[in-house]
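K.L.:
Shown below is the structure under consideration.
The values are calculated or read from the model by the stated rules, or taken from the named source; none is laboratory data. Because the structure is a prediction, the values reported are computed rather than measured. Protein only, heavy atoms only, side chains kept; ligands, DNA and RNA dropped before computing areas. Shrake-Rupley method; radii C 1.70, N 1.55, O 1.52, S 1.80 Å.
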Amino acid sequence: MSTRIAKSNSPMRKLPRQGRSQATVEAIIEAGAHILGEKGWDDFSTNKVAELAGVSIGSLYQYFPDKQSLVEAIRRRHLDDCLAVMRGSLREGKAVEQFAEDLVRDMCAAHSINPGLHRKLLDEAQSSESMRDPNSAFEAEYLGHYTAAVAAYRTSRSGANERVAGMVLSDLMDGVVHNAARRGLLGSEELKQELIRLVRAYLTVAD
């Protein structure tokens, strides 16, 4: 199951506009991420999140109508981290070897911030239709970065569909990294080296 959600159509009831309200929302999301990661979906509730965040339940409901909307906000923050990895990995002039290493190490690091949380997001937390939308703004940008990597680095281009190759590379990364999170192997240097070799080999495949 993917952890992706649409970048448009925010799950929040309203967006924070001032510094104090932004701090409140950040505290709620941090508390929600902690409880979901430590306790799991069955013990995840808006009352518990509000208590840990140090806000009233009414304040929480100003921004999040239910716990599903809060989970989507937690997912969105993680997805923004993944997009930041992709943007950083594709700096102009980087050799394919460096690209593969930066991509793998930074993506593993993004999923290692709270590995328990990512396991819960993958396997326990309910998902919305917007999260599964294959035409979402997030999906388009995320796959666009992988397609750009294929266009920049792949040596076999005769008749190749770069968008399809980008999808394959994206799914390869997501599958290995997500399963490493499930197995507690995100810190494995051996796994990272194997994935780096796999990405590099895919991008430098010859006819």
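K.L.:
Where does the chain land at 222 nm, in deg cm²/dmol rounded to the nearest 500, when only DSSP H runs of n ≥ 4 count, each adding -39500 (n - 2.57), divided by all residues? Working shown, then result.
P.N.:
On the way: 9 runs with 139 residues, N = 207.
Calculated at 222 nm, the ellipticity per residue is -22000 deg cm²/dmol.
K.L.:
Output the 0 to 90 degree angle, nearest 10, between the alpha-carbon long axis of helix 137-153 and the longest principal axis computed from the alpha carbons of the chain.
P.N.:
The angle comes out near 20 degrees.
K.L.:
Out of every Cα pair in the stretch 78-130, what percent are spaced more than 18 Å from each other? Kindly include the intermediate steps, with their values, before the conclusion.
P.N.:
Numbers: 593 of 1378 pairs.
The share of Cα pairs beyond 18 Å in the stretch 78-130 comes to 43 percent.
K.L.:
Let me ask something else. In whole percent, how big is the carbon plus sulfur part of the accessible area of the chain, probe 1.4 Å, protein atoms only? List each step's numbers first, then the result.
P.N.:
Working: 4920 of 10230 Å².
Here it works out to 48 percent.
K.L.:
Moving on to the next point. Starting from one equal scatterer on each C-alpha and no solvent at all, send me the Debye-based log10 I(q)/I(0) for the chain at q = 0.08, 0.12, 0.16 Å⁻¹, two decimals.
P.N.:
-0.31, -0.66, -1.04
K.L.:
What figure, in Å² to the nearest 10, do you get for the accessible area of residue 29 with a 1.4 Å probe and non-protein molecules left out?
P.N.:
Per-residue accessible area (residue 29): approximately 20 Å².
K.L.:
Tilt of helix 162-183 relative to the longest C-alpha principal axis of the chain, in degrees (0 to 90, nearest 10)?
P.N.:
On a 0 to 90 degree scale, this one is about 50.
K.L.:
May I ask for the Kirkwood hydrodynamic radius of the stretch 32-121, worked out over all distinct Cα pairs and given in angstroms to one decimal? Provide the component values of the computation, followed by the final result.
P.N.:
Numbers: mean 1/r = 0.0679 Å⁻¹.
For the stretch 32-121, inverting the mean 1/r across all distinct Cα pairs yields 14.7 Å.
K.L.:
Provide the per residue accessible area, probe 1.4 Å, for the chain, rounded to a whole number of square angstrom. Before the final figure, lay out each step's value.
P.N.:
Values: 10230 Å² over 207 residues.
Accessible area per residue, the chain: 49 Å².
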